[in-house]
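Beneath this line is the structure, given in structure tokens, with notes to follow.
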Amino acid sequence: MTTPHNIYIHVPYCMSKCRYCAFFSSAVRPDWEKYTLEMCTEIQYWGRILNHAPVPTIFFGGGTPSLMPADAFGRILDTVAKCFQIQHECEITIEANPGTIDAARLGDFQAAGMNRLSVGVQSLNDADLKFLGRRHTVNDARRLLDAGHAANLRVSADFIYGLPGQTADTVAATCREINAIGLRHCSMYELTIEAGTPLAADRPAMPSNNEMAEMYDAIGRTLAIARYEVSNYAAPGDECRHNANVWDGAPYIGIGRGAAGRPLINGAWYEQMGAGAQFTELSRRDRAIEKVITGMRTMRGVEMTADVRDVINHDFVASHRNLVMIDGDRMHATNAGILTLDNLLIELIG
Ligand code: SF4
């Protein structure tokens, strides 16, 4: 049987650019018909290459995929269904920004197959939303979360912490509000100032590294759901299966402008972007290093398969039990290791 492949579909369009954003996205009104055809052509291409592989998850990320017309979304899923085997209980996520989709349109997307909603909330404070250059208010975000819950969708929300003036106490207060909303999944990202963004030009007075670490610790202690990846928290069984698969080293393809994938074809791994535009075979070592980098971000860690064992500095592991633990057939970072993950990975990869 052909190896299952997860599918990531990128929709790189937004209503406007947020002030901190360095993602591949632009604030233009796209020709949806043209872009839908482009994505469907790429899906058909990969369906042939991957021999109609089973698909466990489909993730529409952005940009702002919730700007898409619902019929375009439906046509893309129909194309996936024709060119691949969508598995029973396939997780189909769409990222949505408040103010771009209401309960009625949410129903149209749901009818087309969406079963998981990931909302870009970013903050529960209107002044902070303004600072970040978000177009929506806290009320807009709450309404969308409520609509998602009312529709019985699996609902996640993204938040940003570490804004100027925030402390462990204010971040903990936000976490208590998240608990009250009843979210079973959320992502908590530290604000990073990316060069070339309007926020970088303002040179805001950012919290120190120690203060950021205190906020990160407060999040872990206060949220009612557990951290399962550096920035992701879920109730048991509500982890994002798409991301968990990718972090675990499962194959995936990227559809749409700027989307990257890691397909596995006849036992060889490839770095992929577009339909054949960029298609480079990865060495066994390079793919194993990628697996270590993504796997070590998760609390369950990376599976110690033979290729992973070959790229690990075993002396470092043996002498740094405070940072890295081997548990059965998996290796993971300790709480102390997670706080210094970037440096840890440099030492860990031999
Ligand atoms: S909505 Fe997301 S992708 Fe779009 S500009 Fe804002 S941060 Fe960037």
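Points to keep in mind about this one:
- Here Lys34 is the anchor, and the lysines within straight C-alpha reach of less than 27 Å, apart from those fewer than 8 places off in the same chain, are Lys17, Lys82.
- Taking amide H atoms as placed 1.01 Å from N in the peptide plane, the amide H of Ala157 lies under 5 Å from those of Val119, His185, Cys186, Ser187, each 5 or more residues away in sequence or on another chain.
- Other residues within the sphere of radius under 13 Å centred on the Cβ of His10, judged by their own Cβ, net out at -2 (K and R +1, D and E -1).
- For Ser208 and Arg330, the FRET efficiency from 1/(1 + (r/R0)^6), where r spans their Cβ atoms and R0 equals 45 Å, is about 0.85.
- Zero-based 5 Å bins, Cα pair distances in the stretch 283-350, whole percents: 4, 20, 35, 29, 11, 2, 0
- Per-pair calculated FRET efficiency, R0 = 41 Å: Ala103 and Arg300 via Cβ, rounded to 0.05: 0.70
- Ranked by how many other Cβ atoms sit within 10 Å of their own Cβ, fewest first, the residues Met296, Met39 fall in the order Met296, Met39.
- Set the Cα radius of gyration of the stretch 1-123 against 2.2 N^0.38 Å, with N its number of residues, and you get 1.06.
- For Pro236, the shell of other residues with beta-carbons less than 14 Å away shows a net charge of +3, using +1 for Lys and Arg and -1 for Asp and Glu.
- By definition, a body whose alpha carbon gyration tensor gives a ≥ b ≥ c is oblate when a/c is 1.5 or more and a/b is not larger than b/c, and the stretch 213-350 fits this oblate description.
- Cys with no candidate disulfide partner in the chain (beta-carbon separation under 4.7 Å rule): Cys14, Cys40, Cys83, Cys90, Cys175, Cys186, Cys240
- Positive-end residue of Thr167, Ile94, Ala147, charge dipole of the stretch 88-246 with Cβ unit charges: Ala147
- Normalised contact order of the stretch 283-350, rounded percent, pairs of Cα under 8 Å and 6 or more residues apart: 35 percent
- Each residue, Thr280 and Glu347, gets one label point 7 Å from its Cα in the Cβ direction; the gap between the two is 3.0 nm.
- Normalised by 2.2 N^0.38 Å, where N counts its residues, the alpha-carbon radius of gyration of the stretch 69-225 equals 1.18.
- Shape box of the stretch 216-270 [Cα atoms, principal axes, largest first, Å]: 45, 24, 17
- Computed about its Cα centre, the charge dipole of the chain is approximately 400 debye, with only Lys, Arg, Asp and Glu carrying charge at their Cβ.
- Test item: Cα-centred dipole of the stretch 283-350, Lys/Arg +1 and Asp/Glu -1 on Cβ, debye: 120 debye
- Its relative contact order, with pairs defined as Cα atoms under 8 Å and 6+ residues apart, puts the chain at 15 percent.
- Rounded to the nearest 5, the antiparallel percentage of DSSP beta bridges internal to the chain is 45%.
- Near Asn152, once Lys and Arg are set to +1 and Asp and Glu to -1 for all other residues with Cβ below 15 Å from its Cβ, the sum equals -1.
- Restricting the calculation to Cα atoms, the stretch 1-46 shows an Rg/Rh of 1.10 when the hydrodynamic-style radius is the Kirkwood one.
- Its alpha carbons give the chain an Rg and a Dmax of 20.4, 58 Å.
- A crude spin-label estimate for the pair Ile293 and Asp217, with each label 7 Å from Cα along the Cβ direction, gives 2.9 nm.
- Order by protection proxy (mean Cβ within 10 Å, highest first), peptides 4-14, 320-330: 4-14, 320-330
- Over the chain: helical MRE at 222 nm, DSSP H runs n ≥ 4 each giving -39500 (n - 2.57), nearest 500: -11500 deg cm²/dmol
Rule-based calculations on the coordinates, nothing more; no lab input. Since the structure is predicted, the reported quantities are computational estimates derived from the model, not experimental observations. Positions of Cβ are backbone-derived with ideal geometry, glycine not excepted, and every protein chain shown enters the neighbour counts.
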